[in-house]
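Below is one structure, written out as structure tokens; comments come after it.
The values are calculated or read from the model by the stated rules, or taken from the named source; none is laboratory data. Note that the structure is a prediction, hence the values are computed from the model and not measured. Note: ideal-geometry Cβ built from the backbone for every residue, glycine included; neighbour counts use all protein chains shown.
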Amino acid sequence: MARPLLIALVGIDGSGKSTQARALARRLTGRGEPARYFENAGGRPLWNRLARALGRPDGVALFGRTLYPLLEATTRAAAMGRTVLWCRLTGRTGVLDRWTWCQHVIMVARGDRWRRLVRAAYAGFPRPDVVCFLAVPPAVAQARVLARGIDTEELAHLDALDAGYRSLPEFGSFVVVDGDRPPDEVAAALDRVVAAQAAR
């Protein structure tokens, strides 16, 4: 790779972001192009576990519809800040699972009131060099989430997330990768995208 990159994989839950991002970082490192995978999550599993421990069904029920989105957005901002700092200090490639758009799309899908404020606050984060949207039919993504056995997703919510990504002003600049293909084919497609960007 000619230079270190920020590579972001975005898409709905169950699209394969985490799996493909981890594998991409390993492949780059194996080719002598040191890379690290970063999960830029909003902490939902953590907040849900805490809520259940306290007798509430989930994080939203524990913190409320006003506080929870801000807590989630702050957690994601801290994760993304760590990612940017590491990449700049080391000069190495970062492979990012989710980026700023993901929080905005989630908040729009839920109807959160703070979404415009969060989007404006996130404007200070750099745009990744490569942004790939893993396109997967929501019904397929739902089946994948259920198969993981960690959490569940309502199909209507996944539909709303998919529509939210596609309505982003930036969506036209994303590289759309068919995430419904066999994993090795998705990986090969991502490798081609990254190689093309690195050669510029």
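Couple of notes before you dig in:
- Scan region 97-121 for residues that are more than 16 Å from ASP13 (Cβ to Cβ) and within 14 Å of the chain's Cα centre (by Cα) and the total you get is 1.
- Of everything in region 144-154 that is loosely packed, with under 12 Cβ neighbours inside 10 Å and of a type in the set (A, V, I, L, M, F, W, C), the residue that is nearest to VAL177 (Cα to Cα) is ALA147.
- Within region 52-62, the set of residues being surrounded by 13 or more Cβ atoms within 10 Å (Cβ to Cβ) and either out of contact with any Asp or Glu (no Cβ under 9 Å at 6 or more places or on another chain) or among the polar types (S, T, N, Q) (or both) comprises ARG56, ASP58, VAL60, ALA61, LEU62.
- Hits in region 60-87 (condition: among the small types (Gly, Ala, Ser) and either over 18 Å from CYS102 (Cα atoms) or touching a Cys at 6+ places or on another chain (Cβ under 6 Å) (or both)): ALA61, GLY64
- Scanning region 145-187 for residues that are within 20 Å of ALA23 (Cα to Cα) and touching a Lys or Arg at 6+ places or on another chain (Cβ under 9 Å) gives GLY179, ALA187.
- Residue, nearest to TRP99 (Cα to Cα), within region 17-44, restricted to residues that are touching a residue at least 60 places away in the same chain (Cβ under 8 Å) and within 10 Å of the chain's Cα centre (by Cα): ASN40
- Residue satisfying condition, being surrounded by fewer than 16 Cβ atoms within 10 Å (Cβ to Cβ) and modelled with pLDDT of 95 or more, within set ARG26, ARG49, ARG31, ARG36: ARG26
- Residue list for region 156-184, restricted to those being assigned to a helix (DSSP H, G or I), surrounded by 12 or more Cβ atoms within 10 Å (Cβ to Cβ) and modelled with pLDDT of 95 or more: LEU158, ASP159, ALA160, LEU161, ASP162, ALA163, GLY164, TYR165, ARG166, PHE171, PRO183
- Selected residue (criterion: surrounded by the fewest Cβ atoms within 10 Å (Cβ to Cβ)) from residues of region 88-103 that are of a type in the set (A, V, I, L, M, F, W, C) and not in a helix (DSSP H, G or I): TRP99
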